[in-house]
Amino acid sequence: MSIKRYSPLFPLFIFLAMVIMAVMAMLSFSAHITPQKCEESGTPVLYIDTEGGKKIKTKEKYVKATYSINYGGKNLSGSCKIRGRGNTTWKTRELYKKPYLLKLDKAASLLGLPEAEKWILMANTADKTSLRNAYAYYLAKNVWKSGLWTPDAKFLSLFVNGRYEGLYALTEKIEIRQNRLPLNTKEGSFLFEVRSQKNKAWNFKSKQDVAFSIRQPENSSKEKFENQQNFIQQAEDAIFSENFTDKENGWQKYLDLQSFADWYLINEFTKNHDARFQASCYLYYDSDTKKIYMGPIWDFDISCGNINYDGCENPEGFWVKEESQWFKRLFEDPYFADFVKERWNSKKELIKKSPEWIHSAAEEIEGPIMINDQLWKNIGHRQWPHAPGWKKRKTFAAEVNYFSDWVEKRFEWMDKAINTSGVQK
């Protein structure tokens, strides 16, 4: 079959040819990257072999598989299932490397992390340093040191059906279970999320137009869902009531002060785009205290200047306080604003030193990052979310320096803004 140059099909033919060539090129690079090379770079290797060599194509259907990983001189293996996961990272055209949800048939401790069945294989595709999520976990665990639980992550090299897939972060999934969020669902505790994409079983929009999804327990009844929805709405009504500053009947009756303050500070400091109550904002209700808590923190790949829209690339200016309905209202209460200021000042010396962690972590993963870039070629190339100046940053070190410099500038602005004019309007 021949296609003439001026045929309407000619551009489509050229496009398909380019796609095929790009895929073949990636497969060629992948074939030359061996597990031994990855181990020598400093990462453990996770092997996933799907049943019949099936490809992982969707987020909806699991593919049966087996897994194997060497860590600490021991080999761990077993049966599992794997599927795609994520929203923007799964469907955005420029993000070819995809994240996965791994479900083991039997709970296991992977890379020294507490045992569980479900694990996230975070691709960190949108972040050319692959460090922004880990940096947020570092801040939560080592600076603020609060909250019931914060996810942890370990870097590894992933091979699927014998082919190198890249550098991934094996990440603990946010879920209610003893080794993660140890909440008592039998007594009414539940996990929920601000989620603009309402594709879960139990969803609703509040009076302030915030989209919520009840995440766990998953096997809830309609009656329980309605009770959960009613409690969340009661909390929101208290936040926006005329006497919302009243300690007994206002927002403090429903919300945990410290978790809301700390979640705010981590997300405001990193200027995390999703934290405007758009997506990936987790909360939970604890039946023991009968209050709502913010957290655990999640999804920081488009934070710390790694974005080119809505002003989030600028290290100056408030974001969460101005864009999130709930937090905007909370800051109208001097009690909340003063507590946030106090928490910032109690932690600011550690925050100021945190860029040291960025550079230290970057040194540890530079080798694996360069191997990953042999396959995916994202450093120095166009890639969503197109952080300012990406064309000039041709090396991993340049990306790390951009990240670190942005954090330093953000600290200077935040410290002055909080302590000079305060966090109130």
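The values are calculated or read from the model by the stated rules, or taken from the named source; none is laboratory data. Just so it is clear, the model here is predicted, and its values are computed rather than measured. Glycine also receives a Cβ, built like all others from the backbone with ideal geometry; neighbour counts cover every protein chain displayed. Only protein heavy atoms, including side chains, enter the accessible area calculation; ligands, DNA and RNA are left aside. Shrake-Rupley method; radii C 1.70, N 1.55, O 1.52, S 1.80 Å.
Miscellaneous remarks
- One residue from 364, 408, 349 being over 30 Å from residue 321 (Cβ atoms) and out of contact with any strand residue (DSSP E or B) (no Cβ under 6 Å at 6 or more places or on another chain): 364
- Some residue of region 130-152 being touching a residue at least 12 places away in the same chain (Cβ under 8 Å), assigned to a strand (DSSP E or B), of a type outside the set (Ser, Thr, Tyr) and open to solvent by 20 Å² or more (accessible area, probe 1.4 Å): no
- Subset tally (residues that are buried (at least 18 other Cβ atoms within 10 Å of the Cβ) and either of a type in the set (Lys, Arg) or not in a helix (DSSP H, G or I) (or both)) for region 349-369: 1
- Within region 169-190, the only residue that satisfies the criterion of being closer than 26 Å to residue 226 by Cα, open to solvent by less than 10 Å² (accessible area, probe 1.4 Å) and either hydroxyl-bearing (Ser, Thr, Tyr) or without any contact (Cβ under 8 Å) to a residue 60 or more places away in the chain (or both) is 189.
- Test: residue in region 396-410 that is within 15 Å of residue 139 (Cα to Cα), of a type in the set (D, E, K, R) and touching a Gly at 6+ places or on another chain (Cβ under 9 Å): yes
- Identity of the residue in region 109-129, in a strand (DSSP E or B) and open to solvent by less than 10 Å² (accessible area, probe 1.4 Å), that ends up farthest from residue 370 (Cα to Cα): 116
- Cross-chain or 6+ apart pairs with Cβ under 6 Å, region 39-60 first and at negative phi and in a loop (DSSP other than H, G, I, E, B), then aromatic (Phe, Trp, Tyr) and modelled with pLDDT of 95 or more: 43/155
- Qualifying residue in region 203-210 (condition: assigned to a helix (DSSP H, G or I), modelled with pLDDT of 95 or more and crowded, with 16+ Cβ neighbours inside 10 Å): no
- Set 281, 312: member being farther than 16 Å from residue 407 by Cα and open to solvent by less than 10 Å² (accessible area, probe 1.4 Å): 281
- Inside region 370-425, residues that are outside any loop (DSSP other than H, G, I, E, B), touching a Leu at 6+ places or on another chain (Cβ under 8 Å) and aromatic (Phe, Trp, Tyr) make up a count of 1.
- Test for residue 271: is it assigned to a loop (DSSP other than H, G, I, E, B), of a type outside the set (A, V, I, L, M) and over 18 Å from the mean Cα position of the chain (by Cα): no
- Test for residue 147: is it modelled with pLDDT of 95 or more and not aliphatic (A, V, I, L, M): no
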